[in-house]
1. Pull up the range 203-212, narrow it to residues that are over 18 Å from PHE84 (Cβ atoms) and open to solvent by 60 Å² or more (accessible area, probe 1.4 Å), then point me to the one that is modelled with the highest pLDDT.
2. If you take the residues of the range 95-126 that are modelled with pLDDT of 65 or more and of a type in the set (S, T, N, Q), which of them is nearest to ILE253 (Cα to Cα)?
3. State yes or no: is ILE275 at negative phi, assigned to a helix (DSSP H, G or I) and modelled with pLDDT of 80 or more?
4. Within the range 187-194, is even one residue more than 20 Å from the chain's Cα centre (by Cα) and closer than 16 Å to GLY80 by Cβ?
5. Would the range 68-86 turn up any residue that is open to solvent by 70 Å² or more (accessible area, probe 1.4 Å) and either modelled with pLDDT under 80 or among the aromatic types (Phe, Trp, Tyr) (or both)?
6. Residues of the range 161-202 being among the polar types (S, T, N, Q) and within 13 Å of THR110 (Cα to Cα), which ones?
7. With the checklist (1) modelled with pLDDT of 80 or more; (2) over 18 Å from the mean Cα position of the chain (by Cα); (3) among the hydrophobic types (A, V, I, L, M, F, W, C) in hand, flag the one item ALA60 doesn't pass.
8. For the condition open to solvent by less than 70 Å² (accessible area, probe 1.4 Å), under 17 Å from PHE282 (Cα atoms) and modelled with pLDDT under 90, what is the one hit in ALA134, ALA163?
Amino acid sequence: MLTTRSRYWYHTIAIFTVIVWGTTFVSTKVLIGYGLSPVEILLYRFSLAYIGIWFIGRRALFANNWKDELLCVAAGMGGGSLYFIFENTALGLTLASNVSLIICTAPIFTAFLSYLIYRKEKLKSHLFIGSLIALTGVAFVVFNGKFILQINPLGDILTILSALSWAFYSIILRKLQKGYSTLFITRKVFFYGIVTMLPFLAVGYGDVHLQLLAEPVIIANLAFLGLIASLLCFITWNTAVKELGVVQTSNYIYFTPLVTLLTSALVINEHITIIALAGSVFILCGVYIAERGFKLKLRIAK
């Protein structure tokens, strides 16, 4: 049973993780500007993370049985290759604002999947109300005062598949955490994320530009994406999911567009409107309402 202090700690590391992930948009945008392809960026960041994780924790190669090993493959695809490939392909077919908005449906998909698979977890009304308010806030932040909604069926469907991939990753993660350490699971996610990404490179989905790796800016951004946003943050996120539960932790994903907006304003001078600020308030209120069950439990415990 977690104490009040430890619960706050795990909520804090979940928020920290989302803040870091929210800044990766700017870093990735810089790398694409230098000529790296989206799949190539993912290959480099996961490879760095995989190498880095071998320096810490237990070094078991395989899961206890082939069924769990297959679950590790599925986790590597859901939280790695398929998630990013669906998302990056969608960005080339539809508006970035559509992708940013639809991808934030991942917590809702996660809650539904969790209910369907683990019937013990009831779908509570405050979760839906909070999610709806937070998603409204996300829409305000994403469009940032310029409401442009362009329906592109293929691009939007791929974005939905990306959100579903992350939801399935979250559910698989919960199952694996019953028998394996966070470090072991995270390492397997990086490994199978790389392995399942290679066929896409083999058929020409993205190029590799090794000559560009001599650029200091590229090295710095890849180090951030690989060692901080991947290695550190997958460990912190998976730890938060293990201790707080998949549904509760997933609600923090709504903060991602807000962090991206603030980072873009600071780094690449993007303009923030009053509508975006109002959206930020909606996000904060929505997440608070979605988490209200947790707040009430803390008060009762006291």
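1. Per the criteria, the residue is GLN211.
2. THR105
3. No: the conditions fail for ILE275.
4. Among the residues of the range 187-194, not one is more than 20 Å from the chain's Cα centre (by Cα) and closer than 16 Å to GLY80 by Cβ, which makes the answer no.
5. Within the range 68-86, not a single residue is open to solvent by 70 Å² or more (accessible area, probe 1.4 Å) and either modelled with pLDDT under 80 or among the aromatic types (Phe, Trp, Tyr) (or both).
6. Of everything in the range 161-202, those that are among the polar types (S, T, N, Q) and within 13 Å of THR110 (Cα to Cα) turn out to be SER162, SER165, SER170.
7. (1)
8. Checking each option against the conditions leaves just ALA134.
The values are calculated or read from the model by the stated rules, or taken from the named source; none is laboratory data. Given the structure is predicted, the values throughout are model-derived calculations rather than measurements. Cβ coordinates were reconstructed from backbone atoms using ideal geometry, including for glycine residues, and neighbour counts include every protein chain displayed. Ligands, DNA and RNA are excluded from the accessible area calculation, which covers all protein heavy atoms including side chains. Shrake-Rupley method; radii C 1.70, N 1.55, O 1.52, S 1.80 Å.
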